[in-house]
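**Student:** My questions will all concern the structure given below.
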Amino acid sequence: MEARLAIFDAMGRRIATLASGRLEAGRHVSAWTGRDDRGRARGAGLYFGRLETLLGTRTVKIVRDP
């Protein structure tokens, strides 16, 4: 199934894509290192993780501590 897992800042800008493309059925694990797609460290603050598939979208809040 096609899926996309991305991290967004509090302003709604996509800062990192953790997974994108076709994934096999089953459980998958991804970890955000606190860096954007260019490898730059992001500061403390509020972020959102969003998983999009053909079945729907799920968004979770992420609080990054200093």
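The values are calculated or read from the model by the stated rules, or taken from the named source; none is laboratory data. The model shown is predicted, which means the values in this text are computed figures rather than measured ones. FYI the Cβ positions are ideal-geometry reconstructions off the backbone, even for glycines, and counts take in every protein chain you see. Surface accessibility is based on the protein's heavy atoms, side chains included, excluding ligands, DNA and RNA. Shrake-Rupley method; radii C 1.70, N 1.55, O 1.52, S 1.80 Å.
**Student:** Suppose we keep only residues that are more than 18 Å from Asp65 (Cα to Cα), within 12 Å of the chain's Cα centre (by Cα) and polar (S, T, N, Q) within the stretch 1-54. Which one would you say is modelled with the lowest pLDDT?
**Tutor:** That would be Ser30.
**Student:** Please specify each residue of the stretch 31-66 satisfying the condition of being in a loop (DSSP other than H, G, I, E, B), open to solvent by 70 Å² or more (accessible area, probe 1.4 Å), without any contact (Cβ under 8 Å) to a residue 40 or more places away in the chain and among the hydrophobic types (A, V, I, L, M, F, W, C).
**Tutor:** In the first step, residues of the stretch 31-66 are kept if they are in a loop (DSSP other than H, G, I, E, B); the result is 31-34, 36-40, 42-44, 54-55, 65-66.
Right, trim to open to solvent by 70 Å² or more (accessible area, probe 1.4 Å) and you get 31, 33, 37-38, 40, 54-55, 65-66.
The next check asks that each one be without any contact (Cβ under 8 Å) to a residue 40 or more places away in the chain; those that pass are 31, 33, 37-38, 40, 65-66.
The answer is Ala31, and nothing else.
**Student:** Still on this structure, please answer the following. Does the stretch 3-10 contain at least one residue that is without any contact (Cβ under 8 Å) to a residue 24 or more places away in the chain and in contact with a strand residue (DSSP E or B) (Cβ under 6 Å, 6 or more places away or on another chain)? Full working, then the answer.
**Tutor:** Looking only at the stretch 3-10, we keep the residues that are without any contact (Cβ under 8 Å) to a residue 24 or more places away in the chain, and these are none.
For the stretch 3-10, residues without any contact (Cβ under 8 Å) to a residue 24 or more places away in the chain and in contact with a strand residue (DSSP E or B) (Cβ under 6 Å, 6 or more places away or on another chain): absent.
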